[in-house]
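Novice: So that we are looking at the same thing, I have put the structure below in structure tokens.
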Amino acid sequence: MENSQSIAIHYQPFTIMNFSKATSILSQAIPAITPAAQMVIRHRGVVVHDVALGFLDPETQTRPADAETLFDLASVTKLFTTAAFMTLVEQGKVSVDDPVRSVLPEFSGVRPIQPYENPLDWGKTVSVTDQPGIVDADKVTFRNLLAHNSGLPAWRAFKDQPDTESAIRLALGTFFSYPTGERVVYSDVGLILLGLAVGRLGGGPLDEVIYQRVTQPLGLACHFQPPNPPQFPQNIAPTEFCKWRGRRIVGEVHDESAWRLGGVAGHAGMFAHARDVAAFGQSFLDASLLRRETIAEMTRVQAEFNGTRRGLGFALWSPDPEASSNPFSPETFGHTGFTGTCLWIDPQRSLVVALLTDDVYGGREGRGIADLRVQIHKAIVESVESDIS
């Protein structure tokens with residue numbers, strides 16, 4: 001059956017690379033996997049492929065996605081928070097090995113290890129370890145937060161708090177889920193704390209600090225959910241119908257925790273289009289925002305557990321063939337987002353890939369984004385390698 005979706009492709013006039021296979025794979029995923037998507041590929045510092053396809057109203061197949069469509073970046077936001085923090089490190093305002101309590105004194109004291117709320121099955125809990133114990137929050141460093149080996153739980157039910165201030169207190173006063181440094185547990189809570197620290201160190205709200213230190217210097221239009229959603233640009237990819245909020249989410253952050261935190265949080269909340277996300281990724285190859293020695297520290301293995309490798313803020317290349325980073329070279333670093341987004345930077349190939357989708361539009365079960373990412377990334381690498389050969 002012919003696919004009738006809208007496709008907009010923008011090439012650099014001198015580009016000879018052929019990414020038709022990757023575009024075809026993504027096109028075939030519309031609307032079966034995701035209603036809309038953008039993909040931008042940069043090679044050797046140049047945008048060599050820029051495609052937008054699908055619809056913002058998939059039921060009526062109206063309002064075609066284009067290059068200016070904004071997508072909810074979800075956890076790709078963590079990279080912007082990390083970058084802002086590392087600018088503060090470079091200026092000597094903080095060290096990655098400082099205890100978190102040096103900036104957030106409320107985050108201190110001995111706390112219990114216990115199960116945390118299950119973000120995908122509300123009402124149930126997740127236990128990281130069966131061993132009881134305690135953790136001294138005073139000893140947790142920013143390096144631990146950035147490497148996701150702090151001992152903090154992956155998630156807390158911020159959505160159930162009555163207001164933003166209560167949610168912040170929950171983050172600062174949270175229990176732990178395992179001893180610090182014992183393993184790697186990807187934690188939204190840790191990046192929420194990092195975001196709070198960035199705000200305090202930067203002397204303003206997190207969104208303003210990220211704007212001043214990251215997006216403005218790089219000339220990017222990435223931004224958080226504004227305080228007044230009705231004024232939000234309407235060219236934005238909708239996400240899930242939220243049972244908790246009772247509405248289809250569009251123009252406001254999908255992540256419940258970020259929503260309860262006022263739409264601005266260290267772990268989620270930013271909106272952008274793929275060109276700006278790819279440009280942000282390029283800054284790590286060009287060292288146009290952070291020093292090369294800083295980037296080298298961010299992208300080396302800081303913590304590893306059961307095949308999961310973490311840098312500072314970055315997810316690192318995975319040997320797992322089902323991981324979206326696997327088709328790239330072993331030096332690759334980047335991040336994925338729960339809404340269906342990802343950014344990967346492959347220094348060996350001078351390659352940056354930003355793939356943004358709203359595949360969570362159909363709900364959280366039975367999603368195909370994981371396999372789709374791998375297929376597309378394989379096709380991109382094949383095209384790059386073919387051109388080089």
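Novice: Kindly express, to the nearest 10 degrees and within the range 0 to 90, the angle between helix 77-90's C-alpha long axis and the longest C-alpha principal axis of the chain.
Specialist: The helix 77-90 is inclined about 60 degrees to the chain.
Novice: How compact is the stretch 270-370 by the rule of thumb for globular proteins, expressed as Cα Rg over 2.2 N^0.38 Å? If you can, show how the numbers build up before the last one.
Specialist: On the way: Rg = 13.9 Å, N = 101, 2.2 N^0.38 = 12.7 Å.
In units of the globular-protein estimate, the stretch 270-370 measures up at 1.09.
Novice: Which distance in nm do the two modelled labels at Arg364 and Leu120 give, with both placed 7 Å along the Cα-to-Cβ direction?
Specialist: 0.9
Novice: Within the chain, which is the longest segment that contains none of the chymotrypsin sites (Phe, Trp or Tyr not before Pro) sitting in a DSSP loop with at most 16 other Cβ atoms within 10 Å?
Specialist: Here the longest run is 245-389.
Novice: When averaged across all projection directions, what area in nm² does the alpha-carbon convex hull of the chain cover? Before the final figure, lay out the partial values.
Specialist: Working: hull surface 74.3 nm².
Convex hull of Cα atoms, orientation-averaged projection: 18.6 nm².
Novice: Among residues other than Gly54 whose Cβ falls under 11 Å from its Cβ, what is the net charge (Lys/Arg +1, Asp/Glu -1)?
Specialist: -3
Novice: For the stretch 170-220, what D do you get in µm² per second when you plug the Kirkwood radius from alpha-carbon pairs into Stokes-Einstein at 20 °C and 1.002 mPa s?
Specialist: Details: Rh = 12.7 Å.
Reported coefficient: 168 µm²/s.
Novice: Excluding same-chain pairs closer than 8 in sequence, count the lysine pairs in the chain whose Cα atoms lie under 29 Å apart.
Specialist: Lysine pairs meeting the criterion: 12.
Novice: Taking every DSSP beta bridge with both residues inside the stretch 50-141, roughly what % is antiparallel (nearest 5)? Please report the intermediate quantities before stating the final value.
Specialist: On the way: 8 of 8 bridges.
Looking only at bridges with both residues in the stretch 50-141, the antiparallel portion is about 100 percent.
Novice: Using Cα-Cα distances under 8 Å and only pairs 6 or more residues apart, what relative contact order does the stretch 138-269 have, in percent?
Specialist: Working: 180 pairs, mean separation 35.6, N = 132.
Relative contact order comes out at 27 percent.
Novice: Run the numbers for Ser24 and Glu293: contour at 0.36 nm per residue of separation, minus the present Cα-Cα distance, in nm. Numbers along the way, then the final one.
Specialist: Details: separation 269, 0.36 × 269 = 96.84 nm, distance 3.86 nm.
Between Ser24 and Glu293, full extension yields 93.0 nm more.
Novice: Given contacts defined as C-alpha pairs under 8 Å and at least six residues apart, what's the relative contact order of the chain, whole-number percent? Write out the running numbers ahead of the final one.
Specialist: On the way: 838 pairs, mean separation 87.4, N = 389.
Worked out over the chain, it gives 22 percent.
Novice: Also: Amide H of Val135 versus every other amide H placed in the peptide plane: which residues, excluding those fewer than 5 positions away on the same chain, fall under 5 Å?
Specialist: Answer set, sorted by chain and number: Arg111, Ile113.
Novice: Could I ask something else about it? Using DSSP to call loops (not H, G, I, E or B), can you name the GluC sites (Glu not before Pro) in the stretch 274-372 whose Cβ has at most 14 other Cβ atoms within 10 angstrom? Write out the running numbers ahead of the final one.
Specialist: Numbers: sites: Glu293, Glu297, Glu304, Glu322, Glu331, Glu365; in loops: Glu322, Glu331, Glu365.
In loop regions of the stretch 274-372 (DSSP not H, G, I, E or B), the sparsely surrounded GluC sites (Glu not before Pro) are Glu322, Glu331, Glu365.
Novice: Suppose a student asked you for the relative contact order of the stretch 247-372, using Cα pairs under 8 Å spaced at least 6 residues apart; what percent would you report?
Specialist: 16
Novice: Order these peptides, 94-101, 351-358, 371-378, by their mean beta-carbon neighbour count within 10 angstrom, highest first. All intermediate terms of the calculation are to be shown ahead of the outcome.
Specialist: On the way: 94-101: 17.4, 351-358: 28.9, 371-378: 20.5.
Highest-to-lowest ranking by the protection proxy: 351-358, 371-378, 94-101.
Novice: A further question on this structure: In the stretch 30-115, which GluC sites (Glu not before Pro) fall in coil by DSSP and have 15 or fewer other Cβ atoms within 10 Å? If you can, show how the numbers build up before the last one.
Specialist: Working: sites: Glu59, Glu68, Glu90, Glu106; in loops: Glu59, Glu68, Glu106.
Passing sites in the stretch 30-115 are Glu59, Glu68, Glu106.
Novice: Give me the extension gain from Thr164 to Ser95: residue separation times 0.36 nm, minus the current Cα-Cα distance, reported in nm with one decimal.
Specialist: Numbers: separation 69, 0.36 × 69 = 24.84 nm, distance 2.78 nm.
The Thr164-Ser95 span can extend by a further 22.1 nm.
Novice: Also, I was wondering about something else. Excluding Gln302 itself, calculate the net charge of residues whose Cβ lies under 11 Å from the Cβ of Gln302, where each Lys or Arg counts +1 and each Asp or Glu counts -1.
Specialist: Working: positive: Arg143, Arg300, Arg309, Arg310; negative: Glu297, Glu304.
Local net charge: +2.
Novice: Another question about this same structure. Cα convex hull of the stretch 285-330: mean projected area in nm², to one decimal? Don't jump to the answer; show the numbers that get you there.
Specialist: Values: hull surface 14.2 nm².
Here the figure is 3.5 nm², rounded to one decimal.
Values in this text are rule-based calculations from the coordinates and carry no lab data. Small disclaimer: the values here were computed from a predicted structure and weren't measured. Cβ sites come from the backbone with ideal geometry, for glycine too, and all protein chains shown count toward neighbours.
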